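**Q** Take this structure, written in structure tokens, and hold onto it; I'll ask about it next.
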Amino acid sequence: MPSADIDFGYSDADFRRVRQIAMAEAGISLPETKKNLVYSRLSRRIRETGYPSFNSYLDFVVTKAGEKERDKLICAITTNVTSFFREGHHFEHLHDVVLPQIARNLKAGGMGRLWSGACSTGQEAWSMAMTTMDVIPDAPSLDMKILGTDINRDVVDVGRRGVYLSQDLNAIPSTMKKKWVVEDKDEPGYSMITGEIRELPVFNILNLNSNWPIRKKFDAIFCRNVVIYFSAETREALWKRLADQLVPGGYLYVGHSERVERQDECNLTAESSTIYRKRG
Ligand SMILES: C[S@@+](CC[C@H](N)C(=O)[O-])C[C@H]1O[C@@H](n2cnc3c(N)ncnc32)[C@H](O)[C@@H]1O
């Protein structure tokens, strides 16, 4: 990195400390190639918090009082890129295969549960909700819920609010958009998700690599475009835990560049390269 770009001293030891914090807090593995990216993302935080150096900032981050800033550090080194109906074939599968079965279960007095496990700003969970309403129009009055979780408090708040730049909502199929999206009169250029669909998703903060206070099993879990940050070991352990959290015959959807390697250990069978079904 040219020295003109450097505002704060940044040594190999500083990078090693960030690596340790990221791994211990969120299971995030930072390869050597991310050294400059970490500098540019964290120097912004250091400027905002007013610490004079990387070292003093990191000294604070690891203290009890630095807990909130530790979260901000994790958020700064991950990306929240997402969109409505991203990787559309997953929503087609949800629509054609999973939701008709859930509809039958609901009709028989059972329940339906879907989980967006790293939901970022909520587009994934809202896309699941719109797909659900298409197949099960009375879902809000039945025992049907969609859980959206992420480690980052700020993005979870955005998801819960359900207000987005109007242009971002263009990715929603037009019939669904007509039903569930209205312009936000208070914020020009923004639109919001509206109507009874709002009863389906529940948004919460959750670190995938910590304990999950979740008792119910899910019919389908979307855990997409997040394990790319994790070490192979953390990733394999997470797949196993997610599979355990599925009902027999439930589905796990992963991101386009992600794979479950040890399917037998997880009791999963691949239906396609990014869709896995729990056996039994
Ligand atoms: C690229 S976004 C993916 C959003 C969405 N799943 C999609 O595919 O469009 C990755 C998200 O993973 C979240 N994340 C990173 N580490 C996490 C962890 N340990 N637990 C939960 N979420 C995490 C980030 O905060 C970010 O919002």
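The values are calculated or read from the model by the stated rules, or taken from the named source; none is laboratory data. Note that this is a predicted model, so its numbers are computed, not measured. In this analysis, Cβ positions are derived from the backbone assuming ideal geometry, glycine residues included, and neighbour counts consider all displayed protein chains. Note: areas computed on protein heavy atoms with side chains; ligands, DNA, RNA excluded. Shrake-Rupley method; radii C 1.70, N 1.55, O 1.52, S 1.80 Å.
**Q** With every protein chain in place, what's the accessible area of residue 251 (1.4 Å probe, Å², nearest 10)?
**A** Here the residue's solvent-accessible area equals roughly 10 Å².
**Q** Let me ask something else about it. Residues of segment 114-138 with amide nitrogen under 15 Å from the 7 Å Cα-to-Cβ point of residue 107?
**A** Zone members listed by number: 135-138.
**Q** Hey, what angle do you get for helix 123-135 against the long axis of the chain, alpha-carbon based, 0 to 90 degrees rounded to 10?
**A** With rounding to tens, the tilt is 0 degrees.
**Q** Among the listed pairs 72/240; 34/72; 35/72; 145/179; 145/216; 107/179, give every one whose C-alpha distance is greater than 21 Å.
**A** Result: 72/240; 107/179 exceed 21 Å.
**Q** Please list the non-local residues whose amide H lies under 5 Å from the amide H of residue 230, H modeled 1.01 Å from N, same-chain partners needing a gap of 5 or more.
**A** The answer is 29.
**Q** For the chain, what does -39500 (n - 2.57) per DSSP helix run (n ≥ 4), summed and divided by total residues, give at 222 nm, in deg cm²/dmol to the nearest 500?
**A** On the way: 11 runs with 110 residues, N = 280.
Using -39500 (n - 2.57) per qualifying helix, the result is -11500 deg cm²/dmol.
**Q** Next up: Report, in degrees rounded to the nearest 10, the 0 to 90 angle that the Cα long axis of helix 35-49 makes with the longest principal axis of the chain.
**A** Taking the Cα atoms of the chain, the angle to 35-49 is about 80 degrees.
**Q** Residues of segment 215-239 with backbone nitrogen within less than 15 Å of a virtual label 7 Å along the Cα-to-Cβ line of residue 89, please, listed as ranges.
**A** No residue passes the distance filter.
**Q** Through the Karplus equation 6.51 cos²θ - 1.76 cosθ + 1.60, θ set to phi - 60°, convert the phi angles of segment 186-192 into ³J(HN,Hα) values in whole Hz; use x for Gly and Pro.
**A** 7, 10, x, x, 10, 10, 10
**Q** Working from Cα positions, state the angle (0 to 90°, nearest 10) between the long axis of helix 232-244 and the longest principal axis of the chain.
**A** In the chain, helix 232-244 runs at an angle near 30 degrees to the longest axis.
**Q** While we're here: Between residue 36 and residue 263, what FRET efficiency comes out of the Förster formula 1/(1 + (r/R0)^6) with R0 = 35 Å and r the beta carbon distance, rounded to 0.05? Walk me through the numbers before you get to the answer.
**A** On the way: r = 36 Å, r/R0 = 1.03.
The formula returns an efficiency of 0.45 here.
**Q** Once you have the Cα-Cα distance between residue 171 and residue 24, take 0.36 nm times their residue separation minus that, and quote the gain in nm to one decimal.
**A** 49.3 nm
**Q** Give me the one-decimal nm value for the distance between modelled label points at residue 154 and residue 214, 7 Å along each residue's Cα-to-Cβ direction.
**A** 2.5 nm
**Q** Moving to a separate point now. Which of rounded, prolate, oblate describes segment 3-77, given a ≥ b ≥ c as roots of the alpha-carbon gyration tensor eigenvalues and a/c under 1.5 marking rounded, otherwise prolate only if a/b is larger than b/c? Walk me through the numbers on the way to the answer.
**A** On the way: a/c = 1.67, a/b = 1.11, b/c = 1.51.
Taking the square roots of the gyration eigenvalues as a ≥ b ≥ c, segment 3-77 is oblate.
**Q** Sticking with this structure for a sec: Is there a quick way to get the dipole size of segment 1-156? I mean about its Cα centre, with the Cβ of Lys and Arg at +1 and of Asp and Glu at -1; what is the value in debye to the nearest 20?
**A** 320 debye
**Q** Tell me the label-point distance for the pair residue 141, residue 194, using the 7 Å Cα-to-Cβ offset, in nm and rounded to one decimal.
**A** 2.2 nm
**Q** Restricting attention to segment 233-280, which trypsin sites (Lys or Arg not before Pro) occupy a DSSP loop and are surrounded by at most 11 other Cβ atoms within 10 Å?
**A** Answer by residue number: 262.
**Q** So for segment 3-77, averaging the separation of alpha carbon pairs under 8 Å that are six or more residues apart and normalising by length, what relative contact order in percent results?
**A** After rounding, I find 36 percent.
**Q** Find the relative contact order for segment 187-273 and round it to a whole percent, using C-alpha pairs within less than 8 Å whose residues are 6+ positions apart.
**A** 30 percent
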